[in-house]
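Since the structure comes first, as C-alpha cells, the remarks are kept for the end.
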Ligand code: HEM
Ligand code: HEM
C-alpha cells in the first residue's frame, strides 16, 4: 500500500484517518444525543466524559489529516460537470470545517460552563476561557447548529459515495477503501 496519495489513489494514511474519523463521528453523534437526553446522574457525567474525550480525539485527527493533505497531493475528482465537482469540494470543505468547529465549540462550551475536560481520564485540558454564561450559550448554539449541518452534509456525502459505487459504478468508493 502506498503512503502518499497519487492522481488515482489515496495513500494509507489518508484512508486510515478517513475511516477512523468516520467511525468515531458515527459513534459520537448518537452518544451526544443520548447523553444530552439523560437526567442528571453519574451515568450522564460518565457518558459526557467519553463524549468530550472522543470529540477532542476527532479534533486531533482532523488537524493531522489537514496537515497531511496540505503536505502532499490528492487524487483527481472523477470526470463530472464543473458544478458537480464544485459541490463535491464544497461538501468536503464543510466536513473538514465541521470536524474543527464541533470539537472547538464543545471545548469552549465546557470551559465557559466551568466544567473540566479530563481527556480519557489522563490529562486535564486547559480552559479556553473563564466562566462566562453568555459565551456558554453561544457555544452551545453553535454546537447544536453544527450537529444539524453535519447530519445533512454527511447524509449527502454517504449517499454520493453509494451512488458512485452502485449507480455510476466508478472507483470513487473503492479508491478510499483498503
Ligand atoms: C460511512 C460513511 C462514509 C463513506 C461511505 C465515505 C466515503 C468517502 C469516499 C469514497 C471519499 C473519497 C472521495 C474521493 O476520492 O474523491 C470520501 C472523502 C471524504 N470524506 Fe468520507 N465517507 C464516509 C464518512 C465520512 C465522515 C463521517 C466524514 C467526516 C465528517 C467524512 C469526511 C470526508 C472528507 C473530508 C473527504 C474528502 C477527503 C479529501 O478530499 O481530503 N467521511 N469519503
Ligand atoms: C466531532 C465532534 C463532536 C460531535 C459530532 C458532537 C456531537 C454532539 C451531539 C449530537 C450532541 C447532542 C445534542 C446537541 O447539542 O445537538 C452534543 C452535545 C454536547 N456536546 Fe458534543 N460533539 C462533538 C464534540 C464535543 C466536544 C469536544 C465537547 C467538549 C469538550 C462536546 C461537548 C458537548 C456538550 C457539553 C453537549 C451538551 C450540550 C447541551 O447541553 O445542549 N462535544 N454533541
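Results, tabulated for the structure shown:
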item	result
Ellipticity estimate at 222 nm from DSSP helix runs (n ≥ 4, -39,500 (n - 2.57)) divided over the chain, nearest 500	-23500 deg cm²/dmol
Protection proxy ranking, peptides 3-9, 34-40, 104-110, average beta carbon neighbours within 10 Å, highest first	104-110, 3-9, 34-40
Peptides ranked, highest mean first, by Cβ atoms within 10 Å: ranges 70-77, 157-164	157-164, 70-77
FRET efficiency, residue 134 to residue 92 (Cβ-Cβ, R0 35 Å, nearest 0.05)	0.55
Normalised contact order of the chain, rounded percent, pairs of Cα under 8 Å and 6 or more residues apart	23
Overall dimensions of the chain by Cα: Rg and Dmax, Å	18.2, 53
The range 105-142-the range 21-65 distance, computed between alpha-carbon centres (Å)	14
FRET efficiency, residue 18 to residue 167 (Cβ-Cβ, R0 22 Å, nearest 0.05)	0.55
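Read the figures in this text as sums done on the coordinates, not as results from a lab. The structure displayed is predicted, hence computed values, not measured ones. Positions of Cβ are backbone-derived with ideal geometry, glycine not excepted, and every protein chain shown enters the neighbour counts.
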